[in-house]
Structures are given as structure tokens and as C-alpha cells.
Amino acid sequence: MRGLHLIPPGVNIGFISRKNLFFVFSAFLVLSSIGLYVAKGLNYGIDFKGGILMEIKTTAGPADIGKMRGTLTGLNLGDVSLQEFGAPNEIMITVQSQKGGEKAQAAAVNSIKKALGDNIEYRRTEFVGPKVSQELLMDGIYAVSAAMFAILLYVWFRFEWQFGLAAVVALVHDVMSTIGIFSLLGMEFNLTTVAAVLTIAGYSINDTVVVFDRVRENLRRYKSMPLPELLNKSVNETLSRTIMTSFTTLLALLALYVLGGEVIRGFSFAMIWGIVVGTYSSICLAVPMLLYLNLQRRGGAKDTDSNKQEAAV
């Protein structure tokens, strides 16, 4: 009985010969992400910018968001945002942090409840101060940076420094492109998104290590094979496993995105994007970079002439 194959056995796609195209696309993706972040910034959630978060449900039918927004804007509480939260009668309200400490926040919450009137069920009310939100933002940056540094050390220890550097470049590419897509779409960036970015880093490095392991194995097996041909062979030999793993993971994430509700939608979207871009970077970015890092075979000989063979791959 034959198993399911998304990629036909014995496939030989010329990934390495197209490396310049991949590099240009990746550079465009990263530079665009940086440009979007500088020009537009991120839609930080309450975790990072502080303020009041209220989750409500109207018991008398679908909510009139326009009318509610007008009512709350008239309270002069500053920036007020309302959005549907999973169902027409479920609304998330965010209000900027009020001056005056906890008493001012409590007074703002009471004003909102009084203005909205009856037939409202208050499911959640939270307040995050500006100091706490700044600490959470810095902790998120430290967490992502520490994870990437730890991955660099792990891959360096398991393989060689060339593999570690290529893996980290691919991870930076994945993280930057994730930030860019969130900036482009204006989706809320919060602690859940940071958790998704860390998960993306772990998933991406798993794919990359699988391909690197085959590269190392083939370096020992084919001592005279030109490096571009060897790298392309290694990618194609692991391609079926990589695509199948990503495909099955995406099926679960798509189900979470569609059925999981608004609470985890941002996390699910970040993971879906991360799986796609992480698979791409493992195959099309991390491996081709090894051509330019003076990768040595087991005997210590450098592949200095391998670039001459690239056109044939």
C-alpha cells in the first residue's frame, strides 16, 4: 500500500540555482517589514501600551457598535476602540490609560458602565499600567533575543558555526517578516503574538536542523560532489518530509483560526504565516547561504571552487 506523497519520490528541483532570486525576495521581504514598522508601527495591544480592556456581551441582540462608539467617545476618556469579538453581540472595548492612577481607571470603568446602561453582561475588565506595559514589551524583546541566541549556540554546537549563522539569519528573516505582516494588516500585537513568534522560531529551526543534518551526512558520503549539487540533493531528499510536516501543521492551525474564536485568532494567524515563511527560509535561504560561508568537508578541505558548478544544479 503506497503512502500519501505531496512531493513525488525522486524529485529534483533546482533550489540552489535559483538562490539569487530567493535572496532578492527575502531581502525585499525584510526591508519592506522594516519600512512598514518605521512608517506605520505596530498596533500594540493593551499588554504593551497600557489602558483599560473590557469584554462585554449585549443580552438584547446584536450590538450597535456605531452608537456605542459615539456614546463612549462623548465621555472624553481619550482613545476608545470597539471591535466585534467573535459574535455580533460580543464586543471588546479598549480605552487609553487615564491619568490619576488606579482611582482614575476605576472611575473610567464606572463611567463606561453607566453610559452603556442595562442589558450588558461584563465578562472581563482589565487594566494595565504604562510601567507594567513597558516592562512586558521589554521582556518580550528579551525573550525573542534570548531564544535566537540559544538557537545559535545549539546549532553551532551540534554542527559548525556556518550552520549556526545561516540558521539565525533565517530566523531573523522569519521574525522580521512576521512583524511586517502584522504592521501591514494592523492586527493587534500582544503577548500572545510574542508567544507565537517564539513558537515560530522553534518550528523553523526544527525544519532547518533536519535539512542541515542531511547536508552534514551527505558531506561525509559524497566527498567529491560539488557543494551546490550536494546542497540541492540534500534539500530535495528532505523536501517531502518538510512539506508534509508543514501541511499537517497548517491544517490544525487553519482549524484554530476559523473555529478558535477571536481570543486566539492573532496567535493562529501568526503561526500560519510563520509556518509558511519558516518552511521557505529553511529551504531557500538557510541552505543556499552555506555556499558563502566557507563550509568545510570532514577532511578539512574547503569547497572553494563549488560556485563554478552552480549553473548545473
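Please treat every number below as a calculation from the coordinates, not as lab data. What you see is a predicted model, and the numbers here were worked out from it, not measured in a lab. As a convention, Cβ positions derive from the backbone with ideal geometry for all residues, glycine included, and neighbour counts pool all protein chains shown.
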Only helices counted: for the chain, with every DSSP H run of 4 or more residues adding -39500 (n - 2.57) and the sum spread over all residues, [θ] at 222 nm is -20500 deg cm²/dmol
Could you give each residue of region 205-221 its phi-based ³J(HN,Hα) in whole Hz, using Karplus coefficients 6.51, -1.76, 1.60 with θ = phi - 60°, and x for Gly or Pro?
5, 4, 4, 5, 5, 4, 5, 4, 5, 5, 4, 4, 4, 6, 4, 7, 7
Applying the Karplus parametrisation 6.51 cos²θ - 1.76 cosθ + 1.60 with θ = phi - 60° to the phi angles of region 179-184, what ³J(HN,Hα) value in whole Hz is obtained for each residue in order, glycine and proline being reported as x?
4, x, 5, 5, 5, 4
From the alpha carbon gyration tensor of region 51-128, can you work out the equivalent ellipsoid semi-axes (sqrt of 5 times each eigenvalue) and give them in Å, largest to smallest?
20, 12, 11
Given R₀ = 25 Å, FRET efficiency for Leu185-Ala107 by Cβ-Cβ distance, to 0.05?
0.15
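If you add up the charges near Phe212, with Lys and Arg at +1 and Asp and Glu at -1, over every other residue whose beta carbon is less than 10 angstrom from its beta carbon, what do you get?
Values: positive: Arg158, Arg214, Arg216; negative: Glu160, Asp207, Asp213, Glu217.
Result for the local shell: -1.
Relative contact order for region 1-160: what is it in percent, counting Cα pairs under 8 Å that are at least 6 residues apart? Write down the numbers at each step before the final one.
Numbers: 152 pairs, mean separation 44.6, N = 160.
Normalised by residue count, the contact order of region 1-160 is 28 percent.
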So for the chain, what are the equivalent ellipsoid semi-axes in whole Å, largest first, each being the square root of 5 times an eigenvalue of the Cα gyration tensor?
49, 20, 15
Listed residues Ile91, Gly117, Leu53: farthest to the positive end of the dipole of region 51-128 (Cβ charges)
Gly117
Mean separation of Cα contacts under 8 Å (6+ apart) over length of the chain, as relative contact order %
26 percent
Of the listed pairs Lys57/Lys113; Lys40/Lys103; Lys49/Lys99, which have alpha-carbon separations greater than 22 Å here?
Lys40/Lys103
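Charges only on Cβ, +1 for Lys and Arg, -1 for Asp and Glu: so what's the dipole of the chain about the Cα centre, in debye to the nearest 20?
Values: 28 positive and 24 negative charges, 148 e Å.
I would put it at about 720 debye.
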How far apart, in nm, are two points set 7 Å out from the Cα along the Cα-to-Cβ line at Asn206 and at Ala60?
5.0 nm
